[in-house]
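Notes to accompany the following structure.
Just so you know, all these numbers are worked out from the coordinates, no wet-lab data involved. Since the model is a prediction, treat every value here as computed from it, not as a measurement. Neighbour counts are summed over all protein chains in view; Cβ atoms, including those assigned to glycine, are modelled from backbone coordinates with ideal geometry.
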Amino acid sequence: MGRQLELSEATLGAYLARAGLVAPGEAVAVEPLGDGNINWVRRFRTRSGSRVAKQARPALERFPEYRVTTERLAFEARYWETVAPLDHEGICPRILFFDAEASVLVLEDLGEAERLDAALARGADVTGPAAALGAFLGRVHAATRDPALAARFANHEMRRLHGEHVFALPFRPNEFPLSPALRARALALQRDPALVAAIDAAYARYLEPRGSLLHGDVQAANILLAAAGPKLLDAEIAHVGDPAFDAGQLLAHLLLPASARGEVAAARPSLRAAWSAYAGAFDADGRPRFEAVARYTGIELLRRTLGAARVAAVERDEAGLAVVELGLRLVRQPPAATEGI
């Protein structure tokens, strides 16, 4: 393939017309959408409504020092297509168009719905969305244990890049911008061989291409609370792996804001709802043990406090240190049920 056609706000309209998505000469209004960490993402409006266009480029949008295959959007499109028959809750966005050569994906526009992280920050009751997400993930994980799927989702570059930021970089010497108190705590963790070994073991399991089809990035910033129910976005890290990872990430993000406020008990209803729905949709023979899920939850809490992808909830040292202590406990002594968190 030659040099990739790189879209811009000025050229998107002409591209859409060539693709037959808008009429030739039709007015197209374009605006940025979302954080744009990985892909170029824009909302475009025409007289018939609004849609979302994503383009994957070799250099990540917010972190151009990382260069990753543009095939990541093919894996995202493949994920939405694969799980669509299992999406009883209407959680997945609809694919309207995919151009593999230009790495462009056009999706339905879900509007200005509130993100889950914003709802959690204001202490909203999210037990309903948590249950819907848990049921969806459980159903997908239960139905996608076919070993042949691993070859169709050989998303090795994105899986490894994401894994390094989750399991490796926060627990090795780094220059992340931490406060003195959090820097001291991070250094103590890096010098704890038993802790690092436990996290490395979880990383090794994460990298194994066996298990179920994973979304790979079930974080609160990728979930919209639309009027019709929660919507899950951005599946460019989709791969076959340990189903406990997806479940653990969901629980971590439901838990993190309450933990930062010193109100862990306030998160337990949503944790119970998510895990109960997940377990109910996934037969006991293949379902991961809760201890494995809780360990991934703990690792996600640690990396969201001490790693590159820190969240606003841990800006204050008191909040960050509280989240670190909970994360450590879940990694070292993962409980057997949500009541143990």
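Put a plus charge on the Cβ of each Lys and Arg, a minus charge on the Cβ of each Asp and Glu, and nothing anywhere else: the dipole of segment 167-245 about its Cα centre is then about 240 debye.
Subtracting the Cα-Cα distance of residue 188 and residue 210 from their residue separation scaled by 0.36 nm leaves 4.6 nm. Of the trypsin sites (Lys or Arg not before Pro) found in segment 24-102, the ones in coil according to DSSP and having at most 16 other Cβ atoms within 10 Å of their Cβ are 47, 62, 94.
Listed values for segment 117-131 are Karplus-derived 3J(HN,Hα) couplings in whole Hz (6.51 cos²θ - 1.76 cosθ + 1.60, θ = phi - 60°), namely 5, 5, 5, 5, 5, 9, x, 5, 7, 10, 4, x, x, 4, 5, and x replaces Gly and Pro. Express in whole angstrom the spacing between the alpha-carbon centres of segment 63-116 and segment 262-303. Using only Cα atoms, the two centres lie 25 Å from each other.
Can you tell me the 0 to 90 degree angle between the C-alpha axis of helix 243-260 and the longest principal axis of the chain, rounded to 10? With rounding to tens, the tilt is 70 degrees.
Protection proxy ranking, highest mean first, for peptides 262-268, 12-18: 12-18, 262-268, where packing is the per-residue count of other beta-carbon atoms within 10 Å, averaged.
Sequentially through segment 226-238, phi angles give Karplus couplings (6.51, -1.76, 1.60; θ = phi - 60°) of 6, 4, 7, x, x, 10, 9, 10, 6, 9, 6, 9, 3 Hz, Gly and Pro residues having no value and appearing as x. Taking amide H atoms as placed 1.01 Å from N in the peptide plane, the amide H of residue 97 lies under 5 Å from those of 106, each 5 or more residues away in sequence or on another chain. Under 5 Å between amide hydrogens, built in the peptide plane, is the criterion, and for residue 115 it picks out 225 among residues at least 5 positions away or on other chains.
A cut-off under 11 angstrom between Cβ atoms defines the neighbours of residue 244, and their net charge, with Lys, Arg +1 and Asp, Glu -1, is +1.
Taking amide H atoms as placed 1.01 Å from N in the peptide plane, the amide H of residue 50 has no partner under 5 Å among residues 5 or more positions away or on other chains.
Volume per residue for segment 12-108 equals 108 cubic angstrom (convex hull of Cα atoms).
Other residues within the sphere of radius under 15 Å centred on the Cβ of residue 51, judged by their own Cβ, net out at 0 (K and R +1, D and E -1). Listed values for segment 24-29 are Karplus-derived 3J(HN,Hα) couplings in whole Hz (6.51 cos²θ - 1.76 cosθ + 1.60, θ = phi - 60°), namely x, x, 5, 5, 10, 9, and x replaces Gly and Pro. Within 12 Å, Cβ to Cβ, of residue 332, how many net charges do the neighbouring residues add up to if Lys/Arg are +1 and Asp/Glu are -1? Neighbour charge sum, excluding residue 332 itself: -1.
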